[in-house]
Amino acid sequence: MPMSPYVRSLRERVGHDLLLLPGVTAVIRDSDRFLLARQRDTDRWSLVGGGVEPGETPHEAVAREVLEELGVTPELGAILGVYGGPLLETVYPNGDRVAYITTAFECRLPNTALTLESAELLETGWFTRSDVDGLVRHEWIDTVLDDTR
């Protein structure tokens, strides 16, 4: 995914040093299945989400991310949890170190076709919790999905 202008400006000052960044995650559920997206940059399955931009509330950010990545405006529900720690730390191929703190929101989608952001996503799919265990995925999503029970 492309770097936001805000993060780019921070990187100009701190180089590859660790940045702690706020994020949002959409937990989109249909009965016992969850909507996951396979990301182009890592080829891993994950929940839809991204960074909170300056001046944006987390609610606005998760709605924007779902719209950007799936082409639909979600109906937002409850906050399911806030997550961070070692599983949400990463080093990008260019050496940039990042630790995310993400707020997970329950989201519902309108009954309409999805339009994937092809620069970021390869595909989406609906998976039961047990199906997710067999996917190549970002491991942190397990904790989020387990908290939805």
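The values are calculated or read from the model by the stated rules, or taken from the named source; none is laboratory data. Values in this document were obtained by computation on a predicted structure and should not be read as measured data. Positions of Cβ are generated from backbone atoms using ideal geometry, with glycine treated the same way; all protein chains shown enter the neighbour counts.
So, Pro54, is that one more than 21 Å from Thr124 (Cα to Cα) and touching a helix residue (DSSP H, G or I) at 6+ places or on another chain (Cβ under 8 Å) or not? Taking the combined requirement at face value, the residue satisfies it. Selection of segment 17-45 for residues being among the small types (Gly, Ala, Ser) and either over 20 Å from Pro110 (Cα atoms) or in contact with a Ser or Thr (Cβ under 8 Å, 6 or more places away or on another chain) (or both) yields Gly23, Ala37.
Glu69: among the charged types (D, E, K, R), within 16 Å of Val24 (Cβ to Cβ) and modelled with pLDDT under 95, yes or no? Taking the combined requirement at face value, the residue does not satisfy it.
Being over 25 Å from Leu10 (Cα atoms), in contact with a helix residue (DSSP H, G or I) (Cβ under 7 Å, 6 or more places away or on another chain) and surrounded by fewer than 17 Cβ atoms within 10 Å (Cβ to Cβ) is the requirement here; does Arg108 meet it? So Arg108 fails the test. Here is the figure for segment 135-149: residues that are within 12 Å of Ala37 (Cα to Cα) and surrounded by 14 or more Cβ atoms within 10 Å (Cβ to Cβ) total 4. Are any of the residues in segment 79-87 within 25 Å of Asp146 (Cα to Cα), surrounded by fewer than 17 Cβ atoms within 10 Å (Cβ to Cβ), over 15 Å from the mean Cα position of the chain (by Cα) and at pLDDT below 95? No, segment 79-87 contains no residue that is within 25 Å of Asp146 (Cα to Cα), surrounded by fewer than 17 Cβ atoms within 10 Å (Cβ to Cβ), over 15 Å from the mean Cα position of the chain (by Cα) and at pLDDT below 95. For segment 116-146, taking the residues that are out of contact with any helix residue (DSSP H, G or I) (no Cβ under 7 Å at 6 or more places or on another chain) and at pLDDT below 95, the one that is nearest to Glu53 (Cα to Cα) is identified as Ala119. Residues in segment 7-60 that are modelled with pLDDT of 95 or more and among the hydroxyl-bearing types (Ser, Thr, Tyr) were compared, and the one that is nearest to His138 (Cα to Cα) is Ser46.
The residues of segment 121-134 that are in contact (Cβ under 8 Å) with a residue 12 or more places away in the chain, over 11 Å from Phe34 (Cβ atoms) and not charged (D, E, K, R), listed by number, are Leu121, Leu122. If only residues of segment 20-70 that are farther than 21 Å from Val98 by Cα and free of Cβ contacts under 8 Å to residues at least 40 places away in the same chain are counted, the one that is surrounded by the most Cβ atoms within 10 Å (Cβ to Cβ) is Ala63.
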